[in-house]
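Asker: I have a structure I would like to understand better, so I am pasting it below and will then ask my questions one at a time.
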Amino acid sequence: MKKKIDKKTDAGWGDKSPKRTKELSASSRESEHLLHSVIQGFSIPAFVIGKDHKVICWNSALEQLSKIPMRDVVGTNKQWKAFYAKERPCMADLLVDGIADRIPKWYEGKYAKSDLLEEAYEATDFFPDLGEGGRWLRFTAAAIRDSKGRLVGAVETLEDITER
């Protein structure tokens with residue numbers, strides 16, 4: 001015999017009431033704030049872009065490395081300015097476009113597929129326009145998917161290895 005599910009006791013699943021919608025909205029904002037706080041807390045420079053290539057998060061460590069304030073890039077597609085003299089895709093951009101097969105065009109002989117994550121790549125390169133005299137960076141980019149498996153963005157982390 002099937003048990004009938006009472007919507008009132010169904011823990012809100014499928015409940016479209018204004019109260020439930022408000023709770024979900026508050027929960028979504030809290031999750032977004034938590035994610036932002038986690039990325040800001042990274043001691044390693046990082047940025048996150050959405051499917052539209054616009055910067056969602058630019059952490060404090062990347063502000064220090066790039067000398068570009070968060071307010072100048074969040075909401076824009078100008079993440080490339082931290083690393084290149086003219087516009088070109090960052091590795092995260094290639095993942096967002098689903099064209100990881102174009103990574104060799106931009107990072108020939110400098111990249112590898114991650115051993116840890118399916119949709120992630122890592123590379124090492126010299127960035128002559130970063131800081132005085134340029135910087136060597138080891139960077140990783142990984143796709144971000146929502147709970148339904150849809151691609152929603154990408155995160156890129158960077159480590160200054162110039163001293164090595």
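Asker: Taking SER25 as the residue in question, decide whether it is more than 13 Å from the chain's Cα centre (by Cα), open to solvent by less than 60 Å² (accessible area, probe 1.4 Å) and at pLDDT below 95. Before the answer, list the steps.
Answerer: Working: more than 13 Å from the chain's Cα centre (by Cα): yes; open to solvent by less than 60 Å² (accessible area, probe 1.4 Å): yes; at pLDDT below 95: yes.
Yes: the conditions hold for SER25.
Asker: Give the number of residues within the stretch 126-158 that are at pLDDT 95 or above and acidic (Asp, Glu).
Answerer: 1
Asker: Then there's this: So, in the stretch 146-158, of the ones that are surrounded by 12 or more Cβ atoms within 10 Å (Cβ to Cβ) and over 16 Å from GLN79 (Cα atoms), which residue ends up farthest from the chain's Cα centre (by Cα)? Steps first, please.
Answerer: Narrowing the stretch 146-158 to residues surrounded by 12 or more Cβ atoms within 10 Å (Cβ to Cβ): 151-158.
When the remaining residues are screened for being over 16 Å from GLN79 (Cα atoms), the result is 151-152.
Numbers: LEU151: 11, VAL152: 9 Å.
Among those that are surrounded by 12 or more Cβ atoms within 10 Å (Cβ to Cβ) and over 16 Å from GLN79 (Cα atoms), it is LEU151.
Asker: Follow-up question, since we're still on this one. Does ASP115 meet the test of being acidic (Asp, Glu) and closer than 22 Å to GLN40 by Cα?
Answerer: On the way: acidic (Asp, Glu): yes; closer than 22 Å to GLN40 by Cα: no.
Against the criterion (acidic (Asp, Glu) and closer than 22 Å to GLN40 by Cα), ASP115 does not qualify.
Asker: Ok, one more. Hand me the list of strands (runs of 3 or more DSSP E) wholly inside the stretch 52-145 holding 2 or more residues that are buried (at least 17 other Cβ atoms within 10 Å of the Cβ).
Answerer: Values: elements: 55-58, 111-113, 120-127, 135-145.
The qualifying strands (runs of 3 or more DSSP E) are 55-58, 120-127, 135-145.
The values are calculated or read from the model by the stated rules, or taken from the named source; none is laboratory data. Because the structure is predicted, anything quoted here is derived from the model rather than measured. Using ideal geometry, Cβ is built from the backbone for each residue, glycine included, and neighbour counts are taken over all protein chains shown. Quick note on the areas: whole protein, heavy atoms, side chains included, nothing else; ligands and nucleic acids left out. Shrake-Rupley method; radii C 1.70, N 1.55, O 1.52, S 1.80 Å.
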